[in-house]
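Everything below concerns the one structure shown next.
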Amino acid sequence: MPPIPVIEHDVSLQPFNTFGLPARARRYLRVTDPAQLDSLRAATQHEALAGLPRFVLGGGSNVLLVRDIEALVLHMAIPGREVIGEENGAVLVRAGAGENWHGFVEFTLAQGLGGLENLSLIPGTVGAAPIQNIGAYGLEIKDVFHSLTAYDLATGERRTLHAADCRFGYRDSLFKQADGAGLVVLDVTFALPRAWQPNLRYAELAQALREAGLSEPTPQQVSEAVVAIRRRK
């Protein structure tokens, strides 16, 4: 039998949820490599893991941990962010599910790439973004989504899913539905337009840029305006 991943016991989840609630995990695994999930599945017959349900945790910004978690908590912390190529006039950028969302937006801006700036300062991780189909200021994830890699906890299969597969809706996706509940996001790839134009459909954002005298704002300037608006609220 393959070795069991290093699973911690009775771990405080207070640092891992934005409300700072003092919930604890009966069993806890910080996942930084998809291979850990393979090892975990291979070891499910072990007495300590048999029949123990899974609880997937990302950045803890969209979950209310009002009690201790009796399940095995899989804390998705897979790192990595890179430009991987171009396709149909868009630059493809991939990030691990555990990357901080706003940090990833800043990474794309540092590469001179626009497309995610309207989603600046949204809390959470990259892996949670398609699950919620996060959106703000006239933009949703589905508008810049290329594909993602998901791990099926039941079969151990890695699946590449495109937009149609993800069934994006308003703050909804396949992953919040019954037949997608066993899928864990490993990484996400975004298609950012090479020929970028600012998305100023949201009136408050357009007004803020006008008042700043920015008639032709850069992606960085749009991001800064979004951050300023968010911090005022």
*Could you grab me the full set of residues in the range 192-231 that are assigned to a strand (DSSP E or B) and either touching a Lys or Arg at 6+ places or on another chain (Cβ under 8 Å) or surrounded by fewer than 20 Cβ atoms within 10 Å (Cβ to Cβ) (or both)?*
Pro193
_Selection count, the range 110-128, where residues are surrounded by 20 or more Cβ atoms within 10 Å (Cβ to Cβ), aliphatic (A, V, I, L, M) and over 16 Å from the mean Cα position of the chain (by Cα)_ = 1
_When the residues of the range 28-87 are narrowed to those that are closer than 17 Å to Gly127 by Cβ and charged (D, E, K, R), which ends up modelled with the lowest pLDDT?_
Arg54
_Conditions (1) of a type in the set (A, V, I, L, M); (2) farther than 25 Å from Thr32 by Cβ; (3) touching a helix residue (DSSP H, G or I) at 6+ places or on another chain (Cβ under 7 Å): number failed by Val188_ = (2)
*Among the residues of the range 12-30, which ones are hydroxyl-bearing (Ser, Thr, Tyr) and assigned to a strand (DSSP E or B)?*
Ser12, Tyr28
*Only one of these conditions is not met by Gly60: (1) surrounded by fewer than 20 Cβ atoms within 10 Å (Cβ to Cβ); (2) under 21 Å from the mean Cα position of the chain (by Cα). Which number is it?*
(1)
_With crowded, with 17+ Cβ neighbours inside 10 Å and within 16 Å of Asp187 (Cα to Cα) as the only criterion, which of Val105, Val83 stands out?_
Val105
*Quick one: which of Phe175, Phe168, Phe145 is modelled with pLDDT of 95 or more, farther than 23 Å from Pro53 by Cβ, touching a Cys at 6+ places or on another chain (Cβ under 8 Å) and not acidic (Asp, Glu)?*
Phe145
*Which of the residues spanning the range 166-182 are within 25 Å of Leu40 (Cα to Cα), hydrophobic (A, V, I, L, M, F, W, C) and touching a helix residue (DSSP H, G or I) at 6+ places or on another chain (Cβ under 6 Å)?*
Leu174, Phe175
*Which of the residues that make up the range 96-106 are touching a strand residue (DSSP E or B) at 6+ places or on another chain (Cβ under 7 Å) and farther than 18 Å from Val56 by Cα?*
Phe104
*Working only within the range 118-157, note down all residues that are over 24 Å from Arg232 (Cα atoms) and in contact with a Pro (Cβ under 7 Å, 6 or more places away or on another chain).*
Phe145, Leu148, Tyr151
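The values are calculated or read from the model by the stated rules, or taken from the named source; none is laboratory data. Since this is a predicted model, take the numbers as computed values, not measurements. Please note: Cβ atoms are built from the backbone with ideal geometry, for glycine as well, and neighbour counts cover all protein chains shown.
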